[in-house]
Amino acid sequence: MPTTARRQISQQITLSLACLLGMSLAWAEPDEEALGKNAGYPISPGQGVSQMQYRVGSWSALDKVPGILTHKVAKGDTTTPLPKASASIDIRYRHRNLGYTLDEYLDRRRITGLLILKNGEIVAERYRYGRTEQNRFLSFSMAKSVTSLLVGSALSRGVIKSIDDPAALYAKDLEGSPYGQTSIRHLLRMSSGLTFTERYDGQDDVAKLSRSVATGNPAVNSVLRSITDRHSNAGEKFVYASAETEVLGRVLTAASGRTMADLTSEWLWRPLGTEQDAFWCTGKDRQESAYFCFNASLRDWGRLGHMLARDGKVGDVQVIPQAYLLDATDPARQPAAFRPYRATPGVGYGYQFWLLPQKERSFGMQGIHGQTVFVQPATGIVMVQTAVYAGASGAIDPDAYAERASFWQGVLQSLGGDTSRY
């Protein structure tokens, strides 16, 4: 065989191998073997839902984990459509001075679902690690924002008379305790001034609270009543504390005489026109875990985000009062100590919503391990992400969270959003 022919064949083989390698790399998902791919992404047998091999399976089907108690959030009879955008949009972003595409973002991070909307139309919808549109994803602390929306609805219906009322006016089990004496407004802003540790090391107060929820021993109200030390006066500053949302959940159920699941269905899920039932996990006392355990499909999280982008409206119906939602999400309506760069070195905090540091009002629902709904109402842009990040927070896994922020900026820039800083 002539040398030239041999060289051409060799080049073709090399090219074919490169293509196959590239395809295999494209198909691979970050840490998929450690996350349980070979076992079909198994659901936990009842313990250790946060163990690496169970995260994908369990966090997208928590109602199937033995021992987990749930309350169904029923959808309505009609579904609000989420049509696909007619034109394809190439989403790109920059992170640490390098440019990437949307697909490269997915290949770099442990993301189970990604949905991007523009004015209620689907720009991108991706599922990873064998997940589908049928899965209902654990939100972790995105549930806090759902709890806030229920508070706003309760206020508009007169179920709660004023958010300046003390919690114990409704949650009688907390009478005489510091949390019971804290106003609903200060609980919404996580500004009770009470010391509640949240380090995600298994030894902090949130771990104690979660064990109480799971076992009923000690009772959750007993744990809440035990929080008595103060770091500051109520209303002075933001300090993240999941216990404050748990108190809000107990205010809601006591004030209404109904479960949070029923309230979520009637006040939120049915008006949204969701396509699937959602569910809350509950503790042994059958109280929904207001601070971390709401579960819903990716598209229904998108419908929630789109409603937020329209300042509380679905079609012509005002589902959440606009004034309350603006109070919850607009930095200009917060005391100075709660605005971006003041509440934290970056973002601000409203009524259980994170206030993003952008000139155009933008805000987020966030949960540990990468759960996200980001919203920019003026431009109609919504980004939903479910994930199984290795680290619970940016303090533990900083680059994953930094890249998520970079990707959000790229989404805004690609879709005509406003990226100017606050």
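The values are calculated or read from the model by the stated rules, or taken from the named source; none is laboratory data. Source: prediction; values computed, not measured. Positions of Cβ are generated from backbone atoms using ideal geometry, with glycine treated the same way; all protein chains shown enter the neighbour counts.
Observations on the structure shown:
- Qualifying residue in segment 195-214 (condition: under 28 Å from Thr344 (Cα atoms) and touching a His at 6+ places or on another chain (Cβ under 6 Å)): yes
- Residue count for segment 45-74, restricted to those that are more than 22 Å from Ala143 (Cα to Cα) and buried (at least 16 other Cβ atoms within 10 Å of the Cβ): 1
- For segment 313-334, a tally of residues being buried (at least 22 other Cβ atoms within 10 Å of the Cβ) and not aliphatic (A, V, I, L, M) returns 3.
- Here Leu150, Leu174, Leu188, Leu155 are screened, and the one residue that is of a type in the set (A, V, I, L, M) and more than 25 Å from Val73 (Cα to Cα) is Leu174.
- Scanning segment 282-307 for residues that are out of contact with any Asp or Glu (no Cβ under 7 Å at 6 or more places or on another chain) and either farther than 18 Å from Gln352 by Cβ or without any contact (Cβ under 8 Å) to a residue 60 or more places away in the chain (or both) turns up Gly283, Lys284, Asp285, Arg286, Gly302, Arg303, His306, Met307.
- Strands (runs of 3 or more DSSP E) contained in segment 28-135 and holding at least 3 residues β-branched (Val, Ile, Thr) and within 23 Å of the chain's Cα centre (by Cα): 111-118
- Condition check for Lys161: surrounded by fewer than 22 Cβ atoms within 10 Å (Cβ to Cβ), of a type outside the set (Gly, Ala, Ser), modelled with pLDDT of 95 or more and out of contact with any helix residue (DSSP H, G or I) (no Cβ under 6 Å at 6 or more places or on another chain): yes
- Failed item in (1) surrounded by fewer than 18 Cβ atoms within 10 Å (Cβ to Cβ); (2) touching a Gly at 6+ places or on another chain (Cβ under 6 Å); (3) under 15 Å from Phe238 (Cβ atoms), with Ala337 passing the rest: (2)
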